[in-house]
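This report refers to the structure that appears directly beneath it.
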Amino acid sequence: MTRTRRRRLLLVGSLLVGLGGAAALMLTAFKQDVLYFHEPSAIAAGDVPINTRFRIGGLVAAGSVNRPGDGLSVNFKISDCAATVPVRYRGTLPDLFREGQGVIAYGKLDAAGEFEADQILAKHDSSYMSPDTARALKAGTADACMPANMQAAR
Amino acid sequence: MTGTGFKRWFHRFGSLPYFYDVSARWAVWLAVPAVVLIGYALVAGLFVVPPDYQQGDVFRIIYIHVPSAWLSLFGYTAMAVAGVVALVWRLKIAEIFIVAAAPVGASFTFLALVTGAIWGEPTWGTYWVWDARLTSELILLFLYLGVIALHQAIESPRTAARACALLSIVGVINVPIIHYSVVWWTTLHQGSTVSLTGGSKMDADMLWPLLAGALGFTFLFGWLTLWGMRVQLLWRERRSRWVMKRITHG
């Protein structure tokens, strides 16, 4: 390798290292803002600014879904095993909404510690199987606890 | 390969008339596997494999979405590698690769975003959210468009190529961010179904057409890019003797 080429390679290399470092620092600094939702245990630990609207994500706790009266309202609990938050919602639900399934609710925490949601999104668990396999595995009732793909790296 | 053998290959490959002549023959070796693999993936994925236990038939869009998303990342990474070669060794063929690959990569990125949105509405309950995965993939589309626009905006081909090479290298920082976004942060987008180290979370009969599709799309990317390179090459060297000779003699 000639001298000029080595110098250019060094230049390009340091450009990449510099940019990578800058990006890493920036993303670490803004980590809280890049998170799309917060886990129930982070709310319990007081890591979430509860006076504003925010998203909370976790599994719909088994046996927690009930629909009072009017057919549009639904109450359920979002859990990550370590902590549980009760949620109130009025509106349509995505197809994938069911107990044991990951969901993300957008709204506000009220004084009583209940979450008043105005949007519910379903989170897919990234596993795909045929109905036969699902029956064989008795899946479909899904995880009891928060799967790794619903948690941010720490 | 010995050091000198590699060096000779490297320089012969960098010779434009040589590349133009052999690339016509290579194209077949990219086109045939592309057509066969994508054909198998689509027929098997859309008609043969069973529906998903939760999503039903909606999941079948994965046979377009995942290969497109894979190529959006692969294409940009390849452009960045070519960018280093173009800046350090000043190899023209690397410059031409960047220019030819950018529109192909942009198309796959666009396809990944659109198929993702179509799948997201029935599954998640929304077409679009600003989570880390979706946002960084959108930025990737803008980076591709930036490379294309930069190339169009600068008149001198060598200056344009150098600018495009630099943007390819700078933008590649976004590639690992896209890939790991679902691990580093909480996102609406799910984590990877298939990984090189951790196996797959998909039934084997569903998985094979997906892998075939990803491989087939990779061949398609190579084929389209190679053809784009030939066109770029003719245009850039249009005043040279070797191009004249090939055009007048067929």
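Derivation of every value follows stated rules applied to the coordinates shown; laboratory data play no part. Nothing here was measured: the structure is a model prediction, and the numbers come from that model. Backbone-built Cβ (ideal geometry, glycine too); neighbour counts: all protein chains shown.
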So between B:Phe10 and B:His179, what do we pick up on full extension, going 0.36 nm a residue minus the alpha carbon distance? 57.7 nm
Express in whole angstrom the spacing between the alpha-carbon centres of region B:70-86 and region B:210-235. 13
Can you list the DSSP H helices in chain B whose Cα atoms extend at least 18 Å along the helix axis and whose mean Kyte-Doolittle hydropathy is 0.5 or higher? B:16-43, B:62-88, B:92-123, B:132-153, B:157-171, B:204-236
Work out, in µm²/s and without decimals, the Stokes-Einstein translational diffusion coefficient of region A:3-88 at 10 °C, 1.306 mPa s, Rh from Kirkwood over C-alpha pairs. 95
Value of relative contact order over chain B, rounded to a whole percent, pairs C-alpha under 8 Å and six or more apart: 32
Taking the alpha-carbon centre of each part, the distance from region A:60-126 to region B:88-104 in Å is 50
R0 = 41 Å: FRET efficiency of A:Glu99 with A:Leu19, Cβ-based, nearest 0.05? 0.35
For residues of A:100-111, the mean tally of beta carbons on other chains within 10 Å: 1
Which of the lysines could a cross-linker bridge to B:Lys201, judged by Cα under 21 Å and excluding same-chain residues fewer than eight apart? A:Lys123, A:Lys138
Averaged across A:30-39, how many Cβ atoms of other chains sit within 10 Å of each residue's Cβ atom? 4
Less than 12 Å from a label point 7 Å out along the Cα-to-Cβ axis of A:Ser64: which backbone N atoms in region A:84-121 qualify, by residue? A:84-88, A:99-105, A:114-115
Note the angle between two axes, namely the Cα long axis of helix A:3-29 and the longest principal axis of the Cα atoms of chain A, as a number of degrees from 0 to 90, rounded to the nearest 10. 30
Taking a straight Cα-to-Cα line shorter than 26 Å from B:Lys7, and setting aside same-chain lysines fewer than 8 residues away, one finds B:Lys92
Per residue, the convex hull enclosing the alpha carbons of chain A has a volume in Å³ of 175
Treating every alpha carbon of chain B as one equal point scatterer without solvent, the Debye formula yields log10 I(q)/I(0) values at q = 0.14, 0.15, 0.17 Å⁻¹ of -1.00, -1.11, -1.31
May I ask you to compute the full-extension gain from B:Phe142 to B:Asp21, defined as 0.36 nm times their residue separation minus their alpha-carbon distance, rounded to one decimal in nm? 40.2 nm
